[in-house]
Each structure stands twice: as structure tokens, then as C-alpha cells.
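Down below is the structure, laid out as C-alpha cells.
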């Protein structure tokens, strides 16, 4: 589940940073190309020789961003090239152009992660001091100002990253059971659907419903009902693989998204979940000892939406309920086509709750 949350956070961050990187690259090209052409024909050939490769590299980075989205090549190219070009620019023009280094240093914290940005800016500062500046007083002032800017930016970036993580957890985690919520599930299903359409990677959803949960709430109270929900969520997660993810669908219903998993493979996972809940409650003779789950399973089909897949899993779940609960049932459409899977429950837990 944590992997999916990370993916969600990174997806949102990348959309923002792609826009920033495109803006930086576009500005570099827009301002760098006219200066490069001016110096090529009427000014300094040295400055033109510095700016033209920078413009070309930023064009390639911009194309890479537009075609591939966020990628390390584009980020490092834009970040390193633009600040390196400014160092050579200061070497050619003089210390009065050093303000470009401040702007480049700030931009790097929007282009790169905070640690690589700090590393690149530190190396750039050392190169500028060594190659571009010769006034000791100005060197001290520049280093002090550049260090303060980087310290503040690094601290701000760390705090912003922490707050973004907290917001993503609030947006994608169910506050009671600490599993994924509907928002996280929708994003995972969108990614799964894209993989299926592009690579024909199978995917299956397992819909889980707690049997007689209303009775538990009515007899034990909602506080104990919440504890049961958390207990079941924990039990389900102990049966999941690294590629599976669990979400609270609503009320007492949960959904497992089993990636790269066929219906036949998911049948073993679903039965393991059902039996794990039944065995656990059977070992603890208390008010929760009758708790079981009913499960419906459906595999993603060609040219269908993920909502349709969930609806088929819900129909299979309804079938499991109508059979007396504490059953795993499978998508009827798949069953009619393959003639293999209908419902399952291992013999050692052949007790259905009416």
C-alpha cells in the first residue's frame, strides 16, 4: 500500500515539476538563442560558443520532457547546463553578471530534488569562486549570500516535502483502517487499466464484504465495530503480496487490486483471505468469533472500464452472500466463457453463516 501512495505523490509532484522544467527550458531557449545569435554575428564568439550548446541541450531536454514526461535526463540536463552556462557567462562578462547564478541556484531546487540541487549549487559556487571571481571581498560576500539562499531553500524544500507527504496521506489513506481510500483506488485502477491496454497485463479485483456487520454494530456498538473493521483490514494485508494493494471501498467493504494476476491466480489469494479471517476469529472465542467475509472476484476484460469490472465483482459478491455467506464467488461472465470457476471454500471451513 505504501508503494501505491508513493506513486500517487510522485505523480502529482511530477506534473508540477514538469511544468517548472518546461518553463525553465523554454525561458533558457527564448533568452539564450537571441543572445547566442547576436554574439555569433556582431559580438563575442566565445559567448556564442558557450550559449549555442546550452540552447541545443535545452532544446533536447525540452523535447524529452514533452515526449517522455518527467525523466532524470531532462532534469539533470536543464539543472546542470543552465547553471554551468551562467558560470561561463560570468567568466566572460564579469562579476556584475553574477546575479544569474543566484537565479540558477533557486531554479535548481525546482528542477532537482533538494539534495542533488544542493550538491550542484555547491559545486557551482566553488567553480565560480575559482574561475570567475578575483576580488576577495566579493568572493566572501557572494559565498555568504549564496550559502544563505541554499540553506533557506533546502530547509523550505524539506518542510514542503513533509507537508506534501502528509497531504497525500490525508487524500489517499482511510483514516480509520489506514488502508487506501477510494481516491487511491481510482488512481491505481487507472494505472492498471493503462498497463492492460498497452501491455495486456492481467489484473483482478477482489471485493470483500464483512458478513453480518450490522449485527456487530447493533450488539457491540460502533466503537467495537470500528475495531472489527481495523482487525479485518490487518488480517487481509497479512495475505497480500507486494504487488497487491488494499482499499476501503465504503462501509464494511474492501477491495484488493491484484496486479499482474489472472482470475485463476486470484482465486487462491481470495480463498486465503477468506480462510484467514475465519481461522483467526475461530481461534479467539469472543463476541467476534462469528465474523466471516464474503468475497467476489472479477478479472479485467478487454475494452471495458474498471467500473464495469468492479460491478462484476460486486455481482459475484452478491452471489456469495446469497449462497449463505463466507464464500468466494467469481465473475459469472468469466465463468460462462471458461467453464472453470464458480465458487470456492476449502473443506476445513465449510461453515456458512445464515
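A few notes on this one:
- Calculated FRET value between residue 230 and residue 260, using beta carbons and R₀ = 30 Å, to 0.05: 0.60
- With the cut-off at under 16 Å, measuring from each backbone N in the stretch 192-211 to a point 7 Å along the Cα-to-Cβ line of residue 176 picks out 208-211.
- Across the chain, Cα pairs under 8 Å and at least six residues apart give a relative contact order of 12 percent.
- Principal-axis tilt of helix 136-172 within the chain, Cα atoms, nearest 10 degrees: 20
- Projected label distance in nm at residue 19 and residue 129, using a 7 Å step from Cα toward the beta-carbon: 3.7
- Against the chain, whose longest principal axis comes from its Cα atoms, helix 182-199 is set at around 80 degrees.
- Approximating the spin labels as points 7 Å out from Cα along Cα→Cβ, the residue 308-to-residue 102 distance works out to 6.0 nm.
- C-alpha center-to-center spacing [the stretch 137-175, the stretch 34-55] in angstrom: 35
- Cα-based shape type of the stretch 2-172, given that a ≥ b ≥ c are square roots of the gyration tensor eigenvalues and the cut on a/c is 1.5: oblate
- Available extension along the chain between residue 162 and residue 321 is 52.9 nm, counting 0.36 nm per residue and deducting the alpha carbon span.
- Straightening the chain between residue 151 and residue 238 buys 27.0 nm, computed as 0.36 nm per residue apart minus the Cα-Cα spacing.
- Extending 7 Å from the Cα toward the beta-carbon at both residue 199 and residue 169 defines two label points whose distance is 3.0 nm.
- Helix-only [θ]222 nm of the chain, DSSP H runs n ≥ 4, -39500 (n - 2.57) each, per residue, nearest 500: -23000 deg cm²/dmol
- GNM top mover of 250, 43, 79 - the chain, alpha-carbon springs below 10 Å: 43
- Acute angle (nearest 10 degrees) that the helix 263-283 long axis makes with the longest principal axis of the chain, alpha-carbon atoms: 70
Each reported figure results from applying straightforward, stated rules to the coordinates on display, with no laboratory input. Remember, it's a predicted structure, so these values are computed and weren't measured experimentally. Here the Cβ is made from the backbone with ideal geometry for all residues, glycine too, and neighbour counts use every protein chain on show.
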